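Participant: Take a look at this one; I'll ask things after.
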Amino acid sequence: MATFDESLVSVSGRIGHERDFTFYKNNVDLANLLQKELSATPKEITIDTDGDIEIEMSDVGTIIATPSAAIAVGWLTTPKVLSVQQEVEKFVNTLDRLAKLKGSFAVESYSIGLFFRFRPENPLNLLRERGFESSLQFIFSEKAPPDIASLKSSTTRSKGKFRDTIELEASSKDARVRYSRSGNGAGFDSYLTFVVAASLREMLEELKPFAEILLAAERGLRLSGLLSEMK
Amino acid sequence: MYDVLILSVMTVGILAMAVFSYKIFHSRAYPVGMVREIPTSQHGTLELEDVSDQEGTTQRIFYSDVWAKRHNQETAYGLFEKGKKRKIHLRFYGGGEPSFPEKPQGSPLEEKVTEHEEALKVYSKQVENLEKRLRRLEAERVQKFQEATEEEKPEAPQVVH
């Protein structure tokens, strides 16, 4: 059974820059350039209906080029791998390279995010027991509805040079947690400097207690599933 | 000789002005105004009412303010009889059902502001769509991986009693 360090996490990153007003005119040329210059084996490169370029990469997820951002989303890895600097640098360098290939535009913002998906037996009840019940009672004046279909919460905070957003979404099937950290482009020399300062390890440590509760509930579900199959 | 020529031209001009002024002030018929030609047009109607004041000489014409502004303040007159409503045909923009713009055409600056507002709306929508797409991509990747991993797991050993 997976521990937190071995659990699946999706990493996303973004470099926001001043708008390239010629992007949609030159997107085909840029797509060809990206296909040539980036990883030797991009699986698929497309230009969507909005004119944005999307490249399916085998090692860092999907990278997307828009007029004002270079984005990488869906790098599937584990918290254990994220503690290795070289692995993180590979992801960072790919995104950095994408931003540079787009042209010299002043960087406005950096961000990095973590996404977890947990599947305990009853995610909504679990979250209600762990604190959301009191919120529902507060809203509904002690008459909290017995059944709810979904639950969403979003929290933002400032932490030094960073702005954090923590989002939780739960339904009857799963519970999803997103933790993203962003910073002003002018405050960092490069994306790598930003990511090092943002400290993925610290972000993971903050999420660990909550994630372990959900992972334990997942393990419990799987164990009872196995036991019922053995009978 | 030139003096005679100039004098005669002036006389003709003054007489023409006098006659024309008389015709305008004393006639009920007005020339129909010019409406700009437009490649696609739709005939429509505009009702005009002749309202005379007590003195019997003033005539007011009511027409759509929006229409008037749309055609840069050009006014159109139609033939009508005093005290009665008459319908006249005018041409204006657009195909299908005639429709007036919600806002009258303003100055170039106002048009620029409107264009900018529209562009901003389009941009905000694009940003919103991008965010939704990124979330969906992320969730789908994780879900696919988790489901694929589950399918690969070996089956639980069968216990034989």
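Participant: Could you list all residues from region A:114-127 that are part of a loop (DSSP other than H, G, I, E, B) and within 21 Å of the chain's Cα centre (by Cα)? Spell out the reasoning first.
Facilitator: Step one: filter region A:114-127 for residues part of a loop (DSSP other than H, G, I, E, B), giving A:119-122.
Residues satisfying the conditions are A:ARG119, A:PRO120.
Participant: Go through region A:155-166 and count every residue that is more than 16 Å from A:PHE115 (Cβ to Cβ) and either of a type in the set (Gly, Ala, Ser) or surrounded by fewer than 19 Cβ atoms within 10 Å (Cβ to Cβ) (or both).
Facilitator: Count: 7.
Participant: Then there's this: Restricting to region A:56-85, and then to whatever is closer than 13 Å to A:PHE23 by Cα and polar (S, T, N, Q), can you tell me which residue is farthest from the other protein chains (Cβ to nearest Cβ)?
Facilitator: Selected residue: A:SER68.
Residue by residue, here is whether (1) exposed (fewer than 14 other Cβ atoms within 10 Å of the Cβ); (2) more than 10 Å from every other protein chain (Cβ to nearest Cβ); (3) not small (Gly, Ala, Ser) holds:
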| residue | (1), (2), (3) |
| --- | --- |
| B:VAL113 | yes, yes, yes |
| B:GLU118 | yes, yes, yes |
| B:TYR123 | yes, no, yes |
| B:ARG135 | no, no, yes |
| B:GLU138 | no, no, yes |
| B:VAL142 | no, no, yes |
| B:GLN146 | no, no, yes |
| B:THR149 | yes, no, yes |
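Participant: Working only within region A:21-39, note down all residues that are touching a helix residue (DSSP H, G or I) at 6+ places or on another chain (Cβ under 9 Å) and loosely packed, with under 13 Cβ neighbours inside 10 Å. Steps first, please.
Facilitator: Residues of region A:21-39 touching a helix residue (DSSP H, G or I) at 6+ places or on another chain (Cβ under 9 Å): A:23, A:30, A:33-34, A:37-39.
Matches in region A:21-39: A:GLU37 only.
Participant: Would a scan of region A:40-55 turn up a residue that is away from chain B (no Cβ under 13 Å), assigned to a helix (DSSP H, G or I), over 25 Å from B:GLU131 (Cα atoms) and open to solvent by 40 Å² or more (accessible area, probe 1.4 Å)?
Facilitator: So far as region A:40-55 goes, no, none of its residues is away from chain B (no Cβ under 13 Å), assigned to a helix (DSSP H, G or I), over 25 Å from B:GLU131 (Cα atoms) and open to solvent by 40 Å² or more (accessible area, probe 1.4 Å).
Participant: Could you figure out which of (1) under 24 Å from A:SER199 (Cα atoms); (2) within 14 Å of chain B (Cβ to nearest Cβ); (3) surrounded by 14 or more Cβ atoms within 10 Å (Cβ to Cβ) isn't true of A:GLU6?
Facilitator: (3)
Participant: A further question follows. Suppose we filter A:VAL92, A:VAL107 for residues that are touching a helix residue (DSSP H, G or I) at 6+ places or on another chain (Cβ under 9 Å), more than 14 Å from chain B (Cβ to nearest Cβ) and open to solvent by less than 10 Å² (accessible area, probe 1.4 Å); which single one remains?
Facilitator: A:VAL92
Participant: Okay, next question. Having 2 or more residues that are acidic (Asp, Glu) and either touching a residue at least 24 places away in the same chain (Cβ under 8 Å) or under 20 Å from A:ALA69 (Cβ atoms) (or both) is the bar; report the strands (runs of 3 or more DSSP E) wholly within region A:128-222 that clear it.
Facilitator: A:162-171
Participant: I'd like to verify a number: residues in region A:167-202 that are under 20 Å from B:VAL142 (Cα atoms), under 16 Å from the mean Cα position of the chain (by Cα) and open to solvent by 50 Å² or more (accessible area, probe 1.4 Å), how many?
Facilitator: Selection size over region A:167-202: 2.
The values are calculated or read from the model by the stated rules, or taken from the named source; none is laboratory data. What you see is a predicted model, and the numbers here were worked out from it, not measured in a lab. Note that each Cβ is placed from the backbone with ideal geometry, even for glycine, and that neighbours are counted across all protein chains shown. To get the accessible areas, we keep the full protein, side chains included, count just its heavy atoms, and leave off ligands, DNA and RNA. Shrake-Rupley method; radii C 1.70, N 1.55, O 1.52, S 1.80 Å.
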